[in-house]
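Asks: Dropping the structure in here first, questions after.
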Amino acid sequence: MRPSAPIVAVFGASSTAPGDVAYQQALRCGLLLGEAGFSVMTGGYGGVMEAASRGAAGAGAHVIGVTVPTVFSSRSTANDHIAEEIPAPTLTRRIDIMIDLAAATIALDGSIGTLTELMVAWNVAFVSRFSAAAARPVVAVGERWRRLLPELAETLTTDASLVAVVDDVDAAVAVVRKALRA
């Protein structure tokens, strides 16, 4: 079931625990997105994914979790805040599903998985110009991305302006709201 509200995918670390700054930031991100009327999509498991899902559900938003049961066999189901679970057969298919369904993406703190998701969203925004499609908003939150993305853009000779790098989730949600309401 595809919700009528635009979907915002939130990417981030699975290892973040309740009480951590990153968990609280993701919780607020989900809450703000839900309050703004967006549906929220995450990878469906713990950490940032759980926090963003929890925040969005608390705001009454439709929450989608794209899980990968064949890869994460120790995680039998999605987190308790997911209203709709979409099982994907592989990690790469999971990313495809999330990017395909999302009107915008927000990358919070994370590691190589979050970097991969962010890079795919960035690439999709980059190649959209070849089909005359509008680039979907891609937002990265925090100092890690502020340091890394300009270096990647320069090294790879690509368009850094396709990723809005902001300091906090309030700014990230503001970027998404402005872009999707325009």
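Asks: Quickly run through the stretch 131-161 and pick out the residues that are surrounded by fewer than 14 Cβ atoms within 10 Å (Cβ to Cβ), assigned to a loop (DSSP other than H, G, I, E, B) and either touching a helix residue (DSSP H, G or I) at 6+ places or on another chain (Cβ under 7 Å) or touching a residue at least 24 places away in the same chain (Cβ under 8 Å) (or both). Don't jump to the end; show me each part of the working.
Replies: From the stretch 131-161, those surrounded by fewer than 14 Cβ atoms within 10 Å (Cβ to Cβ) are 131-134, 143, 146-147, 150-151, 154-157, 159, 161; that's our starting set.
This time we only want the ones that are assigned to a loop (DSSP other than H, G, I, E, B), so: 132-134, 157, 159.
Answer for the stretch 131-161, where residues must be surrounded by fewer than 14 Cβ atoms within 10 Å (Cβ to Cβ), assigned to a loop (DSSP other than H, G, I, E, B) and either touching a helix residue (DSSP H, G or I) at 6+ places or on another chain (Cβ under 7 Å) or touching a residue at least 24 places away in the same chain (Cβ under 8 Å) (or both): A134, D159.
Asks: Using the structure shown, decide if L108 is surrounded by 13 or more Cβ atoms within 10 Å (Cβ to Cβ) and farther than 24 Å from G30 by Cα. Step through it out loud before you land on a result.
Replies: Numbers: surrounded by 13 or more Cβ atoms within 10 Å (Cβ to Cβ): yes; farther than 24 Å from G30 by Cα: no.
No.
Asks: Still on this model: Please find, among A57, A107, the residue that is within 25 Å of R181 (Cα to Cα), out of contact with any His (no Cβ under 6 Å at 6 or more places or on another chain), in contact (Cβ under 8 Å) with a residue 24 or more places away in the chain and of a type in the set (G, A, S).
Replies: Details: A57 fails: out of contact with any His (no Cβ under 6 Å at 6 or more places or on another chain).
Exactly one residue qualifies, and that residue is A107.
Asks: Can you tell me which residues in the stretch 128-147 are aliphatic (A, V, I, L, M) and at pLDDT below 95? Break it down stepwise before answering.
Replies: Step one: filter the stretch 128-147 for residues aliphatic (A, V, I, L, M), giving 132-135, 138-141.
Those that are aliphatic (A, V, I, L, M) and at pLDDT below 95: A132, A133, A134, A135.
Asks: Moving on to the next point. If you take the residues of the stretch 45-100 that are of a type in the set (S, T, Y) and in a loop (DSSP other than H, G, I, E, B), which of them is surrounded by the fewest Cβ atoms within 10 Å (Cβ to Cβ)? Walk me through how you get there before you give the answer.
Replies: Let us first name the residues in the stretch 45-100 that are of a type in the set (S, T, Y), namely 45, 53, 67, 70, 73-74, 76-77, 90, 92.
Next, from what is left, pick out any that are in a loop (DSSP other than H, G, I, E, B): 45, 70, 73-74, 76-77, 90.
On the way: Y45: 20, T70: 11, S73: 8, S74: 5, S76: 8, T77: 12, T90: 11.
Per the stated criteria, the residue is S74.
Asks: Just to verify a result, which residue in the stretch 162-174, among those that are touching a residue at least 40 places away in the same chain (Cβ under 8 Å) and of a type in the set (A, V, I, L, M), is nearest to L115 (Cα to Cα)?
Replies: First, pick out the residues of the stretch 162-174 that are touching a residue at least 40 places away in the same chain (Cβ under 8 Å): 162-163, 168-170, 172-173.
Filter once more, keeping what is of a type in the set (A, V, I, L, M): 162-163, 169, 172-173.
On the way: L162: 15, V163: 13, V169: 17, A172: 17, V173: 19 Å.
Only one residue tops the list, namely V163.
Asks: Right, something else. Could you tell me whether any residue of the stretch 10-21 is touching a residue at least 24 places away in the same chain (Cβ under 8 Å), assigned to a strand (DSSP E or B) and out of contact with any Phe, Trp or Tyr (no Cβ under 8 Å at 6 or more places or on another chain)? First the steps, then the outcome.
Replies: First pass over the stretch 10-21, keeping only residues touching a residue at least 24 places away in the same chain (Cβ under 8 Å): 10-18.
Next, from what is left, pick out any that are assigned to a strand (DSSP E or B): 10-11.
Okay, now just the ones that are also out of contact with any Phe, Trp or Tyr (no Cβ under 8 Å at 6 or more places or on another chain), so 10-11.
Looking for residues that are touching a residue at least 24 places away in the same chain (Cβ under 8 Å), assigned to a strand (DSSP E or B) and out of contact with any Phe, Trp or Tyr (no Cβ under 8 Å at 6 or more places or on another chain), one finds at least one in the stretch 10-21, hence yes.
The values are calculated or read from the model by the stated rules, or taken from the named source; none is laboratory data. A quick note: this is a predicted structure, and the numbers were derived from the prediction, not measured. Every residue, glycine among them, receives a Cβ derived from its backbone with ideal geometry; neighbour counts consider all protein chains shown.
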